[in-house]
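The values are calculated or read from the model by the stated rules, or taken from the named source; none is laboratory data. What you are looking at is a predicted structure, and each value in this text was computed from that prediction instead of being measured. Backbone-built Cβ (ideal geometry, glycine too); neighbour counts: all protein chains shown. SASA here: full protein model, heavy atoms, side chains in, ligands and nucleic acids out. Shrake-Rupley method; radii C 1.70, N 1.55, O 1.52, S 1.80 Å.
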Amino acid sequence: WRVVTGTEALRRLRPQLAVNEGLARFSSNRRLQQSTANAWQRWAHHVATAAGLSGYVSVLARGRRNAGMHSMARMASVGPEAPASKTENLAVYSLLLHQQAREAVVARMQKEGRKEGVLFFNGGEDAVRHDTDHEDVFRQESTFHYLFGVREPGYAGAIDLAKGTTTLFAPRLPPEYALWMGRIKSLDRIKEHYGVSEVVYEEDVVSWFQSNAPKKIYVQRGENSDSGREVMPAEFPDMRESYDVDEEVLHDVVYQCRARKNEEEIRLLRYVNRISSDAHLAMMRQAKPGMREYQLESMFAYYCHYNGGCRHLSYTPIAGSGPNAAVLHYGHAGAPNDRKMEDGDIVLCDMGSELYCYASDITNSFPVSGTFTADQRIIFETVAAMQSAVLGAMKPG
């Protein structure tokens with residue numbers, strides 16, 4: 001891709017192009033790919049002309065193997081300004097991201113001599129609040145999202161090492177689901193939507209394994225080194241009695257693959273970090289003595305959702321002013337960002353948004369009044385210089 005335009009054109013084009021990517025999604029239909037690309041070309045040129053801009057806008061997007069949506073949201077992740085107007089919910093969706101993730105895991109397994117067998121994973125489950133019927137907004141388990149991109153709860157997935165095929169096991173939803181939650185997708189629709197080889201109902205997982213008779217089943221068990229919590233392996237009835245099950249290998253393979261981001265993942269990370277960075281700037285502009293810390297938190301969440309489609313935040317926001325800035329995980333339920341900020345305070349804002357299970361994490365400190373004291377400036381500029389020096393020295397290896 002290449003964008004040839006002025007700053008003003010990019011400012012006007014970026015919000016709608018970001019939205020269009022989210023709504024278009026990838027498709028294996030080549031005719032749809034081309035018609036979509038042509039429509040975006042015409043739209044971009046129309047906006048530039050209507051804006052009275054001198055200079056020609058050219059949007060060239062690369063086609064993708066097994067993927068039809070062009071990466072127009074790259075334009076949303078670069079440039080000097082944030083989205084300038086309201087955008088619709090941006091659900092950036094890329095089949096290629098998950099296809100490349102699965103290929104990376106299979107390639108690493110085969111490199112280690114494991115060329116046959118099935119990799120078996122469980123997705124996340126829905127949760128309710130304590131003893132109520134309130135369902136929290138579901139967020140998929142990260143590894144399952146990485147490999148399959150499934151947004152709904154209750155799924156499992158399998159990858160055949162020898163065949164290279166992918167199977168999803170979907171929950172069979174009751175008829176009343178359609179009344180409360182919307183249309184129930186057919187298995188064929190799920191298969192097309194997630195770009196997998198086949199979809200069967202979760203209740204048929206045992207018969208599927210019996211039919212495929214894998215020599216070995218690899219499941220993921222291991223510890224998350226950040227949290228210290230254990231990843232529990234996928235299971236189905238009598239699995240260990242009927243098959244050779246390996247739970248030693250897959251965890252490290254998956255985490256090594258997740259540590260190296262493919263091109264589509266980098267695109268998403270650039271976008272979500274851009275939105276979060278601009279949200280921090282917007283928050284700084286509005287901050288003033290007399291406000292409550294939670295007002296900064298609410299501004300950040302609003303900006304990221306309204307302008308970037310980021311419904312989730314990466315973690316509980318920290319808006320620690322004055323002495324609260326020294327509390328590492330301030331902002332929790334017992335200290336909910338509720339102090340009134342005063343003139344002379346420095347406020348530390350540790351906040352990041354998340355889109356499509358890809359997260360940003362940004363910490364920024366600034367004077368509530370907009371003006372540093374002499375001592376505050378010395379400390380701030382010293383830390384900023386140290387950060388620049390570290391970034392300048394970083395390199396592969």
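Could you list, ordered by first residue, the pairs with Cβ atoms under 9 Å in which the first is in the stretch 210-230 and under 18 Å from residue 256 (Cβ atoms) and of a type in the set (A, V, I, L, M) and the second is at pLDDT 95 or above and in a loop (DSSP other than H, G, I, E, B), at least 6 apart or interchain?
219/233; 219/234; 219/235; 219/247
Can you name the condition, by its number, that residue 341 falls short on among (1) more than 28 Å from residue 123 (Cα to Cα); (2) out of contact with any Asp or Glu (no Cβ under 8 Å at 6 or more places or on another chain); (3) not small (Gly, Ala, Ser)?
Condition (2) is where residue 341 drops out.
I need the full set of residues from the stretch 261-313 which are more than 22 Å from residue 324 (Cβ to Cβ) and open to solvent by 70 Å² or more (accessible area, probe 1.4 Å), in order please.
Of everything in the stretch 261-313, those that are more than 22 Å from residue 324 (Cβ to Cβ) and open to solvent by 70 Å² or more (accessible area, probe 1.4 Å) turn out to be 261, 263, 270, 305, 306, 311.
Return the pair list, or none, for Cβ contacts closer than 6 Å from residues in the stretch 131-146 that are under 15 Å from residue 99 (Cα atoms) to residues that are open to solvent by less than 70 Å² (accessible area, probe 1.4 Å) and among the charged types (D, E, K, R), at least 6 apart or on different chains.
Every condition considered, the pairs that remain are 146/258.
Based on what the data block shows, is residue 271 of a type in the set (Ser, Thr, Tyr), touching a residue at least 40 places away in the same chain (Cβ under 8 Å), part of a loop (DSSP other than H, G, I, E, B) and under 18 Å from residue 354 (Cβ atoms)?
No; evaluated as a whole, the condition is false for this residue.
Can you name the number of the only condition in (1) without any contact (Cβ under 8 Å) to a residue 24 or more places away in the chain; (2) over 23 Å from the mean Cα position of the chain (by Cα) that residue 190 fails?
(2)
When you go through 320, 370, 397 one by one, which is the residue that is modelled with pLDDT under 95 and small (Gly, Ala, Ser)?
Sole residue among the options that is modelled with pLDDT under 95 and small (Gly, Ala, Ser): 397.
Within the stretch 123-130, does at least one residue satisfy the condition of being outside any loop (DSSP other than H, G, I, E, B) and either open to solvent by less than 50 Å² (accessible area, probe 1.4 Å) or among the acidic types (Asp, Glu) (or both)?
no
Determine the pairs where a residue that is closer than 9 Å to residue 345 by Cβ and open to solvent by less than 10 Å² (accessible area, probe 1.4 Å), located within the stretch 315-327, has a partner that is assigned to a loop (DSSP other than H, G, I, E, B) and acidic (Asp, Glu) with Cβ atoms under 7 Å apart, the partner being 6 or more residues away or on another chain.
What qualifies is 321/345.
With a cut-off of at least 3 residues that are in contact with a helix residue (DSSP H, G or I) (Cβ under 9 Å, 6 or more places away or on another chain), name the helices (runs of 4 or more DSSP H) lying wholly within the stretch 173-250.
The helices (runs of 4 or more DSSP H) meeting that bar are 205-212.
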